[in-house]
Every structure is written in structure tokens, then in C-alpha cells.
Amino acid sequence: MPEYLHRFYREHMRAEGLTPFEITLGESDLFIWVESDLRQLAGSSLARHRRELEDFIRRNPIFETTYAPYQVGEDAPELVAMMASAAERVGVGPMAAVAGTIAQLVGLDLVPASREIIVENGGDIFIHSAHERTVGIFAGESPLSGKLRLRIPPTPAEGLGVCTSSATIGPSDSVGVADCALVMATTASLADAAATGLGNRAKSAAHIEEALAWTMHIEGVLGCLVIIGEHLGVRGSLHLA
């Protein structure tokens, strides 16, 4: 994702009282808010999870390229197993869940050291917070871009995920036309995969309601949103401001 998009997301998230820092490794570019500077712990976590993923892909190259769910064994690394599980639930390839899953696992690794955690990875976000947080919604050239904010209520103890896909901005591989397809789910892994599925089904403004209804039937999805140009559709437990 271009750097200016990272700046947009990072400037429009509300994380008062937390310490922000960046961790970059390979394609992963994480912006993290926690109660103190946990840069070293976060960096070690990211390196470990990426190494496990890269080692698995070397042995199973189809995992990286398939657009269909991919079965993995019981000995698969945690990151790989979570990606495969989310992809299976949605009906997409496992790499559709990679950014959200990495954000989630790095965030969970920081829980023992910080009660408040937000990890953003290219617009895919894991949140573990006892306070309401606010996320700006970017939708490319849509007239609605930057005019909406999503209010995230205090999360469950295990956190939750807010992830986006787009056919018009960033690196998302979508067969739809959505400027923004956003999903909030019980995990960032599922939210990432579901955002891809939602974006794929948003083929025109006329498809928005059908795409939203399909997404809300996925177990674990809490709410979803689609923006196509001036058209907006929202379902579930999303609170916009």
C-alpha cells in the first residue's frame, strides 16, 4: 500500500494515551499503539511469525498462490492454521487473511505487556482495548472517503479485527469494484478474509445489499460496510460517526 495511505489510516485512528511506533519487515508494515515502547518484543514476534509462514510456503508453494481454501495439517504453524481456517470459512485463498492474521498474532503476543493494544497492518487492524477507539474510513476517490469514522466499542478480552479490501486502491486483489469493503469480526484473521470475500461480491452498486447479506451470514462477522462511489451500504454492529 502506498505510504500516503498508511499516513491516512494512522492519522485518523484515535489512540489517546498510547505510545505509537512502527515495525517493518518484508511486506509487513505494522503501526502499533501500546502502553509503552514494546518495539523489541513486537519485532521479535513479527520476525518469528513471518519466518514460520515463509518456511511453510517453501514446503507448500500452492498455499501462497491459490484463490481457493487450502487444507493444512495439525502440525501447521499457528499463523498458517489461522489463515487456512479463516479462508475456509469465507471461501477464499489463505493469503487473503495474511495481513489481519499477522496483526492479530503480534497483538496477542503483546497482551502480557500491555492492556491496550492496536496493531494496524496496511489498513487491517487488530484491537484489544477497554476503551472506545475511532478509525477513519478511506475509500479512494469516493466522495465519502475520509468523511466517515468507525467507532469501535471496548473489545472482548480476546480483541477483535477491523479489516478492509478495495478494488481501486492498495494491493488488494479483488474482482469487485468497491472503493472500500470493510468487515469487523471476532478475529482480525476472519475480518481480513471476509473483507476480501465482500469486496469480490461488490461488483456494482446494485450488488451492495446482496454482498452485505452474504457477508453477515459468515459466523464471527459482527458488521460490514461497502462504499462504491457515492453509494454506501452498512449491516450489523457498526457505529459510524
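With +1 on each Lys and Arg Cβ and -1 on each Asp and Glu Cβ, and nothing else charged, work out how big the dipole of region 31-157 is about its Cα centre, in Debye to the nearest 20. Provide the component values of the computation, followed by the final result.
Working: 12 positive and 16 negative charges, 62 e Å.
That gives region 31-157 a dipole magnitude of about 300 debye.
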Using +1 at the C-beta of Lys and Arg and -1 at the C-beta of Asp and Glu, which of A193, P69, V162 has the Cα lying farthest in the positive direction of the dipole of region 3-240? V162
Each residue of region 225-241 in turn: what ³J(HN,Hα) in whole Hz from Karplus with 6.51, -1.76, 1.60 and θ = phi - 60°, glycine and Pro shown as x? 8, 10, 10, 10, x, 8, 9, 9, x, 9, 9, x, 8, 10, 10, 9, 10
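Only helical DSSP H runs with n ≥ 4 go in: add -39500 (n - 2.57) per run for the chain, normalise by residue count and round the 222 nm mean residue ellipticity to 500 deg cm²/dmol.
The helix contribution divided over the chain gives -11000 deg cm²/dmol.
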If exposed GluC sites (Glu not before Pro) are those in a DSSP loop with at most 13 other Cβ within 10 Å, what is the longest stretch of the chain that has none? 159-218
Cα-only Debye scattering, the chain: base-10 log of I(q)/I(0) at q = 0.11 Å⁻¹: -0.50
Give me the number: length gained by fully extending I62 to E219, i.e. 0.36 nm times residue separation minus the C-alpha to C-alpha distance, one decimal in nm. 53.9 nm
Most exposed first, judged by fewest Cβ atoms within 10 angstrom, L30, L18 run L18, L30
How large is the charge dipole for region 3-240, taken about the Cα centre, if only the Cβ atoms of Lys, Arg (+1) and Asp, Glu (-1) carry charge, to the nearest 20 debye? 340 debye
Ranking V135, V177, V111 by Cβ neighbours within 10 Å, fewest first, what do you get? V111, V177, V135
Dipole axis of the chain (+1 Lys, Arg; -1 Asp, Glu on Cβ), positive-most option in A241, I102, L222: A241
Give the order of C224, C163 when sorted by the count of other beta carbons within 10 angstrom, beginning with the fewest. C224, C163
For region 73-123, what are Rg and Dmax over the alpha carbons, in angstrom? 12.1, 35
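Readers should treat all values here as calculations from the given coordinates under stated rules, not as data from a laboratory. Keep in mind the model is a prediction, meaning the values are calculated, not measured. Cβ: placed from backbone, ideal geometry, glycine included. Neighbour counts: every protein chain shown.
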